[in-house]
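Laboratory data are not the source of any read-out in this text; all were calculated from the coordinates shown. Keep in mind the model is a prediction, meaning the values are calculated, not measured. Glycine also receives a Cβ, built like all others from the backbone with ideal geometry; neighbour counts cover every protein chain displayed.
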Amino acid sequence: MRHLIGIEDLSVAEIEQLIATAEDIMANPAKYSSVASGKKLATLFYEPSTRTRLSFEAAMMELGGGVLGFSEAQSSSAAKGESVADTAKVISCFADIMVMRHFKEGAPMVAAMNASVPVINAGDGGHNHPTQTLTDLLTIKCEKGRLSDLTVGLCGDLKFGRTVHSLITALSRYTGIRFVLISPKELTLPDYIKSEVLDRKGIEYVETTSLEESLPELDILYMTRVQRERFFNEQDYIRLKDSYILTVEKLDLAKPDLCIMHPLPRVNEIAVGVDKDSRACYFKQVLYGKYIRMALIKMLLEEADK
Ligand code: NCD
């Protein structure tokens with residue numbers, strides 16, 4: 001059974017294929033309106049979500065399928081002590097594909113080991129978020145026209161930000177990528193990603209604390225929120241939460257064709273005034289997310305039927 005737990009579960013060729021399918025869906029949505037008819041997608045969300053869950057549900061509906069699920073652990077049998085493994089076996093009786101978000105790193109992998117239908121990781125703790133990365137790759141492809149030869153700035157909470165971890169892993173497979181890692185000293189990228197992904201693949205990167213100094217050289221600026229729910233104490237969060245705020249004034253330093261991205265939700269990292277700038281891509285990014293998830297559901301359902 002094929003699952004999507006980490007972005008490395010997909011080859012570069014498969015990612016290209018998903019992007020091509022998503023582009024075709026955008027151009028010809030009617031062609032795909034009954035691809036999943038008679039199928040059901042279950043969303044198992046043990047952590048808050050707006051975009052990811054609703055985008056999966058919208059994606060499945062636009063493919064002609066049905067949706068079921070829960071959006072908080074307290075309303076599921078997890079509150080009675082059911083294990084993720086048992087829940088995965090149970091949901092396999094009701095749905096043809098399942099999407100899981102969990103606060104514990106590795107929970108979707110446990111689900112995949114116990115499910116008899118495809119499992120998609122929709123974010124596991126501070127670890128990975130592969131479908132946000134597919135969203136980000138489609139956004140970059142559509143907005144910049146390429147996935148190679150880019151200077152990519154990642155700014156904010158690089159320690160706990162799972163979207164950053166998956167995006168770095170994905171972009172490291174393309175040529176000519178250079179990363180500028182902008183964070184407070186306390187929130188730098190985990191060592192395992194530096195050694196196992198960046199150093200192993202010989203990817204060029206710099207670590208800095210200054211957004212202003214980095215801005216002029218960036219093709220992409222990926223802003224992230226400080227991940228309050230992963231902090232051990234509130235004082236640290238309060239001290240670090242406003243480390244970076246992108247404003248209209250700061251954008252004067254940036255290239256005219258910069259692409260500003262953010263997985264959302266935004267807290268304070270991007271001033272609302274920036275939304276009007278043509279370089280702001282974060283709301284378009286949300287829409288791209290629905291189309292790439294349609295492509296992913298289609299692919300996994302087809303593989304499961306083989
Ligand atoms: C992200 C997440 O859940 O990791 N949100 C999302 O899925 N778009 C980013 C975040 O919560 O900061």
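Tabulated data
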{"read-out": "3J(HN,Hα) from dihedral phi, region 77-85, Karplus parametrisation 6.51/-1.76/1.60, rounded to Hz, x for glycine, proline", "value": "6, 4, 5, 8, x, 5, 7, 4, 4"}
{"read-out": "Centre separation in Å (Cα based) which lies between region 117-183 and region 2-58", "value": "17 Å"}
{"read-out": "Set K80/K241; K80/K284; K31/K276; K141/K250 screened for pairs whose C-alpha atoms are more than 31 Å apart", "value": "K80/K241; K80/K284; K31/K276"}
{"read-out": "Entries in K255/K298; K40/K306; K144/K306 that, when Cα-Cα distance is taken, lie over 27 Å", "value": "K255/K298; K144/K306"}
{"read-out": "Region 157-232 - convex hull of the alpha-carbon atoms, volume per residue in Å³", "value": "91 Å³"}
{"read-out": "All-pairs alpha carbon distance profile, region 147-306, 10 Å steps from 0, percent", "value": "10, 37, 35, 15, 3, 0"}
{"read-out": "For region 78-166, diffusion coefficient by Stokes-Einstein and Kirkwood Rh (Cα), 20 °C, 1.002 mPa s, µm²/s", "value": "146 µm²/s"}
{"read-out": "I120 long-range amide H proximity, modeled H, under 5 Å", "value": "L4, M98, V99, M100"}
{"read-out": "Sequence ranges 98-107, 186-195, 120-129, 137-146, ranked by mean other-Cβ count within 10 angstrom, highest first", "value": "120-129, 98-107, 137-146, 186-195"}
{"read-out": "Region 227-295 versus region 186-208: alpha-carbon centroid distance in Å", "value": "21 Å"}
{"read-out": "Order of R200, R228 - criterion: other Cβ atoms within 10 Å of each residue's Cβ, fewest first", "value": "R200, R228"}
{"read-out": "For region 11-75, alpha-carbon Rg over 2.2 N^0.38 Å", "value": "1.29"}
{"read-out": "Two-decimal Rg to Rh for the chain - Kirkwood Rh, Cα set", "value": "0.96"}
